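Throughout, read-outs are computed from the coordinates displayed, never taken from laboratory work. Keep in mind that what you see is a predicted model, and the values were worked out from it rather than measured. Heads up, the Cβs are rebuilt from the backbone with ideal geometry, glycines too, and the neighbour counts pull from every protein chain shown.
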Amino acid sequence: MDKHHDKVGADGQLKLLGRRRSEIPDAERLEAFQGKLYQKAKQEKKFRFYVLYDKMFVPYILRESWRRVKQNGGSPGVDKVSIKDVEEYGVEKYLKELGEELRSRTYRPKAVKRVMIPKANGGERPLGIPTVKDRIAQTACKLILEPIFEADFEESSHGFRPKRSSKNAMTAIKTHLKEGKTEVLDADLSKYFDTIPHDKLMIAIGERVSDPRILKLIKSWLKVPIFEDGQFKGGKRNNRGTPQGGVISPLLANVYLHLLDRIINNPGSLFHQHGVKIVRYADDFVLMGKSIPKAVTDRLTKLISRMGLALNGDKTRKVEATEMSFDFLGFTVRYSRDLFVKDKKYWEIMPSKKSEQKVREKVRIFLDSHGHSPAKETADGLNAIIRGWLNYFTIEGVSYSQISKRRLRYYLSTKLYRYFNRKSQRKCRLYRQKAFDLLVNQYGLIDPTKYTLHRLPVNANEEVFRKAVCGKTARTV
């Protein structure tokens, strides 16, 4: 992260020299601007940024914010204005009007529409959908604040961050295991996004940002009413939580849990004294050490409580990883016996059984809903599921997914045989019997056992894949 931003700050500035502003792409200008913010924050650890709001309505930042909101897609908010509606109205005109609202400080966020998303355990998870206008404004704010806080975030934090992903988290876990840190506290925060205390969160933000206009804007997003079942709830009386689905929510969640990272990683802390490390992905984290005594777990519980949060006692557990496997971010980690070398064991990281079940369920739902689709369309739809799943679980030198790939291949072969057997009835018997091979050879269906990792940007679609395997996310809508 440091090298990336240092390059932006130095080389990025040189790239801008000798060109008119109109000739410089928005993304390039943004990258250079963020690089300067990052360098300032990195060099001056106690500096508080006091003039940031004016950047909220800079045209290239609003244009880049719109581009990202459009790319993410999503449903309309309470005003029922969709991305397509904005395009029909005129993007330039729409952004100019939003910029003027921000400049004159007449911008007011609207209520967040809440929808309930089914969970794997049969329950439901709330997801907040801001309006398109609010998503653009939040994105602009995030683009300004993110490089400032990135300069502070710990190496142990991996979720919802540029250039980081679950792959980094699992790599760190394997590294710590090889170091002998095999006692693992698998922690689960209870309803984290719904319980973040606003007052303490604003104090954490205020350590780096003193611009009162930015702080007021963030408060307004935290205090917006929730529209659910035809009624408005919360609003100004609400003093906890940041809606899952808000563009800026993941950054705010990381800012607050950075306090936890900072204390645990502090050389003078009890955690550090016992050699305990933290690996965190958003609100999912594990503590790892050669031994995690009761004093450490008690200190963690107290620390979490002081932050106004709570550990989920039913889901938080301590395991000795050499004796018992544990799951994290959709992976299962276990200490396995080497089949080829006597008395040798190794750390095995693979897709969890639940993750395999979820990808099979996605395949089943897709085939059930595309009973009349042409073969090419069927192959393309399945490829999106297969590719996303394999990209998420393939970590070179860290994870082993060959067995899971073979199981997925067998499931696809079985389901496609039944699928085309129902579809074509008595016709094309050979086609039915070799449906999987035919789709692979003639229509480009991915064979999971022969798939080569598709190199995406580090965290491209990371949250989409993570939601599919973990059922837990704070991604935007």
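Apply the a/c threshold of 1.5 to the C-alpha gyration tensor of the stretch 328-440 and tell me whether it is rounded, prolate or oblate.
Because a/c hits 1.5 or more and a/b exceeds b/c, the stretch 328-440 counts as prolate.
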Binned at 10 Å starting from 0, the alpha-carbon pair-distance distribution of the chain in whole percents comes out as 4, 17, 26, 26, 18, 8, 2, 0
Mean shadow area of the stretch 105-179, taken as a quarter of the surface of its Cα convex hull (nm²): 8.1
Fewest to most Cβ atoms within 10 Å: 372, 158, 272 sort as 372, 272, 158
If we sort 403-410, 42-49 on the protection proxy, mean other Cβ atoms within 10 Å, highest first, what's the order? 403-410, 42-49
Taking the mean number of other Cβ atoms within 10 Å as a proxy for protection, how do you rank 131-138, 412-419 from highest to lowest? 131-138, 412-419
Taking the square root of 5λ for each eigenvalue of the C-alpha gyration tensor of the stretch 32-138, the equivalent ellipsoid has semi-axes, largest first and in whole angstrom, of 29, 22, 13
Arrange the peptides 232-238, 288-294 so that the one whose residues have, on average, the most other Cβ atoms within 10 Å appears first. 288-294, 232-238
On each of the three principal axes the extent of the alpha-carbon atoms of the stretch 287-385, given in whole Å and largest first, is 61, 49, 17
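Between beta-carbons, use under 11 Å as the cut-off and find the net charge around residue 442, counting Lys and Arg +1, Asp and Glu -1. Spell out each step's value before the answer.
Working: positive: 376, 434; negative: 437.
Net charge in that neighbourhood comes out at +1.
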Descending Cα extents along the principal axes, the stretch 319-368, whole Å: 47, 26, 11
